[in-house]
Amino acid sequence: MNKETIVFTGGGTAGHVVVNLALIPEFINKGYDVHYIGSYEGIEKELIEGLNGVTYHSIATGKLRRYMSKENFKDPFRVLKGIMQARKLIKKLKPRIVFSKGGFVSVPVVMAAKMTGTPSIIHESDYTPGLANRIASNFANYVLTTFPETNQHLSQKKAKNVGAIVREELFEGDKEMAFQLTGLTSEKPIIMVMGGSAGAQKINQAVRESLPTLLKEFQLIHLCGKGNVDEATKQRGYVQFEYVTDELKDLFAATDLVVSRAGSNAIFEFLALKKPMLLIPLSKQASRGDQILNANSFKKRGYAEVLEEEELDSNSLIDSLKHLQENREKFQTNMSAYQPQQSKDEVIDLILKTMK
Ligand SMILES: CC(=O)N[C@H]1[C@@H](OP(=O)(O)OP(=O)(O)OC[C@H]2O[C@@H](n3ccc(=O)[nH]c3=O)[C@H](O)[C@@H]2O)O[C@H](CO)[C@@H](O)[C@@H]1O
């Protein structure tokens, strides 16, 4: 008998892939034939293509820009091409459902699902829905949300709050492995700096300028993004990586404090792992401001300290980190009160129930 098929989609940044990474193994274990539709060059290709049991298909994508660019004229054609390619793939694969984590590449896939009578579910992890998911939500059966407040921006018939889906492997880290990998020790507390999945130039710069002071009290693991490792600042107690995959769980196990952008997946990982966090959200100039809302929601609940990007410099970074270290127990107590929802099981149940 032929295996039943499920299609996942989502990409552009790791934030649009990690939820799929948590769900895919569950469907492989249930015996499904898992296919992924992503772009030709996005990070989803790198993160998914190597996975055993998943077949990756590329389609053309066009970015839905909010600003003027020459590319805006070419993109509608790319989007149309993407829809046609996705439709052809879905007709051939005949999946029982499409699960989308959002990002521009997912829009043609969810549209093609609708055209072929295939049910689809999308997941939105930010406080307000992104443009791609707002468009795709018109064609999907359900829109799942991480923050309860997001539902007010969506059709009440389709919106379901399920909470954050955190990869289980992240709870299985080994501190000693991290010490071996990094050469760091248990002598001083360890700060992990995560500038979002693509790194963050401003955070990288402020961290490097603060090293002489910070290294007196702390050690640092810096996840600085592709092409952002700085050989000149390499020194004892300061380790840099562009992007880590399997090693992340061990690095988390050794981490005492986190400095990070406020991407939704990352901050819910820190919360689940009870890591006191200093969040520096991406500014409104560079985004639609979703990270500011994510960060403020965490601040209000006593999980995080927030430093606005406009206020970020070496002095404010050092002061905020010292304050975070002094108050770490208070943050950990607040985070202990957080009851993670049984999100993954709930989502798997809904996917199974919605299949055609
Ligand atoms: C610039 C941009 O558009 N950012 C958006 C993007 O962020 P971004 O892609 O950074 O997404 P998140 O912060 O939500 O998630 C990053 C993920 O990458 C993982 N990770 C990171 C570094 C590393 O070396 N290894 C690794 O595995 C983290 O553990 C986390 O699971 O999607 C988020 C979720 O929709 C949004 O909230 C952000 O606003």
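Quick note: the coordinates plus some simple rules give every number you see, no bench work behind them. Since this is a predicted model, take the numbers as computed values, not measurements. With ideal geometry, Cβ positions are generated from the backbone for all residues, glycine too; neighbour counts draw on all protein chains shown.
Overview of results
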read-out	value
Cα convex hull volume per residue for the chain (Å³)	137
Options Leu257, Ala178, Phe241, ranked by Cα towards positive dipole end of segment 169-335, top entry (Cβ charges)	Leu257
Stokes-Einstein diffusion coefficient of segment 5-161, Kirkwood radius over Cα pairs, 4 °C, 1.567 mPa s, in µm²/s	84
Lysines whose Cα lies under 27 Å from that of Lys158, excluding same-chain neighbours fewer than 8 positions away	Lys30, Lys63, Lys88, Lys91, Lys94, Lys101, Lys114, Lys344, Lys353, Lys356
Cα-derived Rg over Rh, computed across segment 307-356 with Rh taken as Kirkwood radius	1.35
Rule-of-thumb Rg ratio for segment 254-347 [Cα; 2.2 N^0.38 Å; N residues]	1.08
Test item: Cα-centred dipole of segment 123-209, Lys/Arg +1 and Asp/Glu -1 on Cβ, debye	460
Taking segment 5-57 and dividing mean pair separation by its residue count, relative contact order in percent (alpha carbons under 8 Å, at least six apart)	41
Cα convex hull of segment 169-335, projected area averaged across orientations, nm²	8.9
More than 23 angstrom apart: percent of Cα pairs within segment 88-213	53
Which of His153, His16 has the fewest Cβ neighbours within 10 Å, and the rest in rising order	His153, His16
Zone residues, segment 223-266, relative to Ser316, backbone N less than 12 Å from point 7 Å out along Cα-to-Cβ	none
Fewest-first sequence of Arg236, Arg261 by Cβ atoms within 10 Å of each Cβ	Arg236, Arg261
Fewest-first sequence of Ser260, Ser186, Ser197 by Cβ atoms within 10 Å of each Cβ	Ser186, Ser197, Ser260
Debye, to nearest 20: dipole size of segment 169-335, +1 on Lys, Arg Cβ, -1 on Asp, Glu Cβ	360
10 Å Cβ shell holding at most 11 others, DSSP loop, chymotrypsin sites (Phe, Trp or Tyr not before Pro): longest site-free stretch of the chain	68-356
Size of charge dipole - the chain - debye, nearest 20, with Cβ of Lys, Arg +1 and Asp, Glu -1, no other charges	1900
Mean Cα-pair separation over length for segment 79-204, i.e. relative contact order, pairs under 8 Å, 6 or more apart, %	16
